[in-house]
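> My questions all concern the structure below.
The values are calculated or read from the model by the stated rules, or taken from the named source; none is laboratory data. Please read these numbers as outputs of a predicted model, since none were measured by experiment. Note that each Cβ is placed from the backbone with ideal geometry, even for glycine, and that neighbours are counted across all protein chains shown.
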Amino acid sequence: MENTIVKKIELDNNQLLILSDLSRKISEDAYVVIMKASIEIKIEKDLFPDDSLSDFKFQDILDKIGDKVVYEYKITRNFILNHQKDEVFDAQVKIFLDNLGHYVAKKDFPGKFILKKYKDKMK
């Protein structure tokens, strides 16, 4: 699957949102159209508000999940005709930005996402 970066957006929380086109041809005249949004979050202590995390807990997070986590979201549409591919992809980008763009740009998103990944790893 080819990963073509379409747009990079610097978010208000100092993270970089990367929008990619993973679409691929599935027949002579049709595509599966896949839009992927991703954010690579480097795990740093200042992502957690008010020093709510002890040094021990922070070190435990690093030990369990490493020094970065990746947020990823995909929207897929199947059997899209060639002439509709770009229009459908652009609509997927708009849907993501309208519905989740504000959420991933929030100041507390990186810290909360890291804690979620940590809790998932602990289960």
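> Any residue in the stretch 109-123 that is polar (S, T, N, Q) sitting within a Cβ distance under 6 Å of a residue that is in a helix (DSSP H, G or I)? List the pairs, counting only those 6 or more apart or interchain.
Sorted first by the residue in the stretch 109-123, then by its partner, the list stays empty.
> Just one of F89, F96 is more than 14 Å from the chain's Cα centre (by Cα), under 30 Å from A30 (Cβ atoms) and not charged (D, E, K, R); which is it?
F89
> Exactly one condition in (1) loosely packed, with under 13 Cβ neighbours inside 10 Å; (2) more than 18 Å from the chain's Cα centre (by Cα); (3) at pLDDT 95 or above is false for H102; which is it?
Going through the list (1) loosely packed, with under 13 Cβ neighbours inside 10 Å; (2) more than 18 Å from the chain's Cα centre (by Cα); (3) at pLDDT 95 or above, H102 breaks only (2).
> Residue pairs, Cβ under 8 Å, 6 or more apart or interchain, first in the stretch 21-47 and within 30 Å of F58 (Cβ to Cβ), second of a type in the set (S, T, N, Q). List them.
Cβ pairs passing all conditions: K36/N3; K36/S20; A37/S20; S38/S20; I39/Q15; I41/Q15.
> Let me ask another. List the pairs whose first member sits in the stretch 71-94 and is in contact (Cβ under 8 Å) with a residue 40 or more places away in the chain, whose second member is in a helix (DSSP H, G or I) and exposed (fewer than 15 other Cβ atoms within 10 Å of the Cβ), and whose Cβ atoms are under 8 Å apart, counting only residues at least 6 apart or on separate chains?
I75/I95
> Testing V70 on (1) on the phi < 0 side of the Ramachandran plot; (2) at pLDDT 95 or above; (3) out of contact with any strand residue (DSSP E or B) (no Cβ under 9 Å at 6 or more places or on another chain); (4) exposed (fewer than 12 other Cβ atoms within 10 Å of the Cβ), one condition comes back false. Which one is that?
(3)
> Considering only residues that are outside any strand (DSSP E or B), of a type outside the set (S, T, N, Q) and surrounded by fewer than 17 Cβ atoms within 10 Å (Cβ to Cβ), which ones fall in the stretch 22-57?
Correct list: L22, E28, D29, E44, K45, D46, P49, D50, D51, D55, F56, K57.
> A further question on this structure: Return yes or no: is N14 free of Cβ contacts under 8 Å to residues at least 12 places away in the same chain and either in a strand (DSSP E or B) or within 25 Å of N99 (Cα to Cα) (or both)?
yes
> Out of the residues in the stretch 58-107 meeting the condition of being assigned to a helix (DSSP H, G or I) and of a type in the set (S, T, N, Q), tell me which one is farthest from D21 (Cα to Cα).
Q59
> I've got another one for you. Kindly evaluate D63 against the criterion of being modelled with pLDDT of 95 or more, farther than 17 Å from A105 by Cβ, acidic (D, E) and surrounded by 11 or more Cβ atoms within 10 Å (Cβ to Cβ).
no
> In the stretch 1-21, what count of residues is obtained for those that are surrounded by 13 or more Cβ atoms within 10 Å (Cβ to Cβ) and among the hydrophobic types (A, V, I, L, M, F, W, C)?
Within the stretch 1-21, residues that are surrounded by 13 or more Cβ atoms within 10 Å (Cβ to Cβ) and among the hydrophobic types (A, V, I, L, M, F, W, C) number 6.
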